[in-house]
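Worksheet: the structure to be examined is printed underneath.
The values are calculated or read from the model by the stated rules, or taken from the named source; none is laboratory data. Since the structure is predicted, the reported quantities are computational estimates derived from the model, not experimental observations. All Cβ positions, glycine included, derive from the backbone under ideal geometry; neighbour counts span all protein chains shown. SASA here: full protein model, heavy atoms, side chains in, ligands and nucleic acids out. Shrake-Rupley method; radii C 1.70, N 1.55, O 1.52, S 1.80 Å.
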Amino acid sequence: YWWFVVHLRVEGTWELIMASLLAFVLVKTTGVDREVIDKWMYMIVAFALITGILGTGHHFYFIGLPGYWHWVGSVFSAMEPIPFFMMTLFAFNMVQRRRREHPNQAAVLWAVGTAVIGFLGAGVWGFIHTLSTVNYYTHGSQVTA
């Protein structure tokens, strides 16, 4: 159950909190309509939850469940960077659509930088972590613990 707790906490909580904070900062700094941001948020939430929940199947490698779970988990784990990439596109899109220049450019750069670093850290490195050869050493042997 440990992997369900960790996996679903990351995708079901922290990724969505990051997306909502990013949306809030972008509403305040760019002046873009909230309806546009809401549509992006629905897409990010849907992709994060679908890929996150089904992506837990890559943890089933060692517990003896049917082999198809490894494929389901691997495919959806490979798709887990999509929400982070969508957040990055979302941030750049909102900054380009802005209606006003915000006096605090550091806040705008923080919002865009958070999306980019989230994509690189959790998206790209998270994807590498789910590959079977890497997963064998990081999950199975508890090296990361």
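A few notes on this one:
- Screening residue 14 against (1) buried (at least 17 other Cβ atoms within 10 Å of the Cβ); (2) closer than 15 Å to residue 115 by Cα; (3) within 16 Å of the chain's Cα centre (by Cα) leaves a single unmet condition, (1).
- Scanning the range 8-33 for residues that are farther than 28 Å from residue 100 by Cα and free of Cβ contacts under 8 Å to residues at least 12 places away in the same chain yields 9, 13, 14.
- Among the candidates 51, 29, the residue that is at pLDDT 80 or above, of a type in the set (Ser, Thr, Tyr), closer than 20 Å to residue 120 by Cβ and open to solvent by less than 30 Å² (accessible area, probe 1.4 Å) is uniquely 51.
- Here the condition is being under 21 Å from residue 72 (Cα atoms) and open to solvent by 50 Å² or more (accessible area, probe 1.4 Å); of 24, 4, it holds for 4 alone.
- Selection within the range 32-48 - open to solvent by 20 Å² or more (accessible area, probe 1.4 Å) and not small (Gly, Ala, Ser): 33, 34, 35, 36, 38, 39, 40, 41, 42, 43, 45, 47
- Listed by position, the helices (runs of 4 or more DSSP H) contained in the range 45-121 that have at least 3 residues being small (Gly, Ala, Ser) and touching a residue at least 40 places away in the same chain (Cβ under 8 Å) are 68-78, 105-118.
- Test: residue in the range 60-76 that is over 11 Å from the mean Cα position of the chain (by Cα), modelled with pLDDT under 80 and within 20 Å of residue 119 (Cα to Cα): yes
- The set of residues from the range 72-96 being in contact with a helix residue (DSSP H, G or I) (Cβ under 7 Å, 6 or more places away or on another chain) and open to solvent by 70 Å² or more (accessible area, probe 1.4 Å) comprises 85, 92.
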